[in-house]
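For reference, the structure discussed in these notes is given below.
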Amino acid sequence: MQFDERYRAIQSRDSRFDGQFFTAVHSTGIYCRPSCPARTPKPANVTFFSTSAAAHEAGFRACKRCLPEATPGTPQWNLRDDLSARAMRLIGDGVVEREGVPGLASRLGYSSRHLTRVLTDELGAGPLALSRAHRAQTARTLLTSTDLPVGEVAYASGFASVRAFNDTIAEVFALTPREIRARRTASMPAPGTIDLTLPVRAPFDPTGTFLWLAARAVTGVEVATSSSYSRTLALAGGPAWFTVTPAPGGVRLVASLAELRDLPSLVTRVRRLFDLDADPVGIDAALRTDPLIAPLVDASPGIRLPGTVDPDEMVFRAIIGQQITVAAARTQLGRLAATAGTPIADAPDGLTTLFPAPAQIALRGREAMVGPRAKIDTVMTVAAALAEGSLSIGFGDDRAALHSRFTAVRGIGDWTAGYLAMRVLGNPDVLLTGDVALRAGARRLGFADTVPELVARSAPLSPWRSYLSLHLWAASAAPTPPPTRKDPS
């Protein structure tokens with residue numbers, strides 16, 4: 001967006017752009033979200049930043065009125081595939097806290113110096129500053145949503161010391177931790193759990209997302225209904241479980257963690273799972289330009305592209321799900337989890353098992369699986385490669401590199417690689433032309449009868465063809481003909 005476009009957004013207080021850029025006001029020394037209710041500053045007094053960290057680095061403090069940190073994130077990091085976007089996906093997952101800047105740079109294939117230079121030039125802040133901004137946002141959420149002691153909030157947010165925590169909070173918010181906590185409005189969670197509300201851009205179709213996940217829920221690992229989703233998860237600090245339900249303005253996350261320091265990573269992964277940083281207004285507007293897709297969008301506005309909380313797990317889901325029904329894949333995955341997974345205690349009803357790590361599948365996967373030997377061999381080959389590190393997958397992967405790396409494995413083709421890009425990287429523009437159900441939905445709608453027709457007709461809907469795919473899948477499974485627009489006459 002150019003300066004004039006951003007300025008018009010803040011003039012109209014358009015909440016769609018909250019979290020996508022930040023408005024710094026030189027006359028006050030603060031930065032705001034685009035929808036801030038305060039009087040619109042003069043253009044000469046405004047500088048726009050793509051990240052809150054860049055505003056911090058330039059000496060601005062967060063607005064106490066509009067709370068710019070309490071917004072959804074930007075969809076740009078999924079839409080883009082450059083170094084900065086890939087770095088931001090990993091920074092959000094807590095890689096800097098766990099591995100430092102050298103670890104982040106190594107994952108991305110660059111030196112720390114080059115990475116810092118690129119991020120500073122493009123985003124206005126280096127990896128340390130970007131990570132610090134993420135920690136500050138987590139800290140503010142914990143202070144306003146939990147009754148954790150300040151020292152535990154500092155630790156859970158990823159700060160190395162309470163002093164660094166206090167200094168950052170004062171610099172970013174111009175408040176002390178206790179002053180931020182005094183603004184708390186949320187009720188306190190049960191002992192041993194974290195209870196947060198994660199903001200989301202409207203419109204949002206939570207029921208559709210919950211049902212999509214419920215159809216694929218692995219017994220023992222996940223429990224899902226039309227209004228809730230729960231699962232177990234292995235994080236860096238140990239086993240965890242969480243439950244997500246709808247809430248006003250977002251979703252409610254209730255979680256139990258072995259280590260509080262895993263919370264920022266968990267929050268980021270839940271946001272990716274539910275695609276909470278998407279721009280539904282822009283996506284729906286683009287898809288509505290096709291007259292056959294428009295009725296589907298009208299019936300399900302705010303559809304989301306479910307991601308994943310565990311990239312390794314998604315590899316096995318994708319391979320096992322090749323050329324079989326969703327129900328059959330779910331059964332096979334449940335058998336794999338029951339045989340090779342790790343039991344977990346003190347979790348809600350129905351959650352009994354952690355999905356097995358690659359090393360566990362390499363050890364016991366073959367005894368759990370049934371079906372074609374070639375597919376079982378592929379699962380075992382990939383499990384061994386992931387376990388030993390000769391094959392890898394992560395949120396910060398380059399799309400083309402991921403495709404090349406996985407299609408080089410015997411038994412993995414374009415469908416599996418594309419599905420991984422869709423679910424792990426959040427790539428919004430994947431069209432799985434080899435998917436039988438997707439093509440069936442396209443034929444049922446009269447959208448396209450052949451693969452060339454499907455590719456040609458969907459081209460104008462780029463870069464949102466992953467969301468088109470969700471609508472086509474839904475059309476293939478609908479028990480009645482999909483909705484159509486009424487004749488205006």
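The values are calculated or read from the model by the stated rules, or taken from the named source; none is laboratory data. Note that the structure is a prediction, hence the values are computed from the model and not measured. Note: ideal-geometry Cβ built from the backbone for every residue, glycine included; neighbour counts use all protein chains shown. Note: areas computed on protein heavy atoms with side chains; ligands, DNA, RNA excluded. Shrake-Rupley method; radii C 1.70, N 1.55, O 1.52, S 1.80 Å.
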Quiz prompt | Any hit, the range 444-466, residues being in a helix (DSSP H, G or I), open to solvent by 30 Å² or more (accessible area, probe 1.4 Å), touching a helix residue (DSSP H, G or I) at 6+ places or on another chain (Cβ under 6 Å) and under 30 Å from residue 90 (Cα atoms) | solution = yes
Practice problem: Would you check if there is a residue in the range 27-36 being free of Cβ contacts under 8 Å to residues at least 40 places away in the same chain, more than 30 Å from residue 117 (Cβ to Cβ), open to solvent by less than 40 Å² (accessible area, probe 1.4 Å) and of a type outside the set (Val, Ile, Thr)? | Solution: yes
Self-check item: Hits in the range 128-155 (condition: of a type in the set (A, V, I, L, M, F, W, C) and not in a helix (DSSP H, G or I))
Solution: 148
Quiz prompt | Positions within the range 67-89 being of a type in the set (A, V, I, L, M, F, W, C), in contact (Cβ under 8 Å) with a residue 12 or more places away in the chain and open to solvent by less than 10 Å² (accessible area, probe 1.4 Å), in sequence order | solution = 87
Exercise. Could you name every one of the helices (runs of 4 or more DSSP H) located completely within the range 373-423 that has at least 3 residues being crowded, with 21+ Cβ neighbours inside 10 Å and modelled with pLDDT of 95 or more?
Key: 373-388, 414-423
Quiz item: Could you give every pair whose Cβ atoms fall below 7 Å, whose first residue belongs to the range 272-288 and is open to solvent by less than 20 Å² (accessible area, probe 1.4 Å), and whose second residue is among the charged types (D, E, K, R), counting only separations of at least 6 or pairs across chains?
Solution: 274/304; 275/304; 278/201; 278/304; 279/16; 279/201; 280/201
Quiz item: Does any residue of the range 233-246 turn out to be hydroxyl-bearing (Ser, Thr, Tyr), touching a strand residue (DSSP E or B) at 6+ places or on another chain (Cβ under 9 Å), in a strand (DSSP E or B) and without any contact (Cβ under 8 Å) to a residue 40 or more places away in the chain?
Solution: yes
Exercise. Kindly list, by first and then second residue, each pair from a residue in the range 441-453 that is without any contact (Cβ under 8 Å) to a residue 24 or more places away in the chain to a residue that is of a type in the set (Asp, Glu), limited to pairs with Cβ atoms under 7 Å and residues at least 6 apart or on different chains.
Key: 443/449
Exercise. Could you tell me which of the residues 207, 219, 245 is surrounded by fewer than 22 Cβ atoms within 10 Å (Cβ to Cβ), in contact with a Gly (Cβ under 6 Å, 6 or more places away or on another chain), of a type in the set (Val, Ile, Thr) and over 18 Å from residue 138 (Cβ atoms)?
Key: 219
Quiz prompt | Of the criteria (1) modelled with pLDDT of 95 or more; (2) open to solvent by 10 Å² or more (accessible area, probe 1.4 Å); (3) not in a helix (DSSP H, G or I), which one residue 306 fails | solution = (2)
Exercise. Would you mind finding the one in 44, 62, 55, 139 that is hydrophobic (A, V, I, L, M, F, W, C) and open to solvent by 10 Å² or more (accessible area, probe 1.4 Å)?
Key: 44
Self-check item: Selection from the range 349-372 of residues that are open to solvent by 70 Å² or more (accessible area, probe 1.4 Å) and free of Cβ contacts under 8 Å to residues at least 24 places away in the same chain
Solution: 363, 366, 372
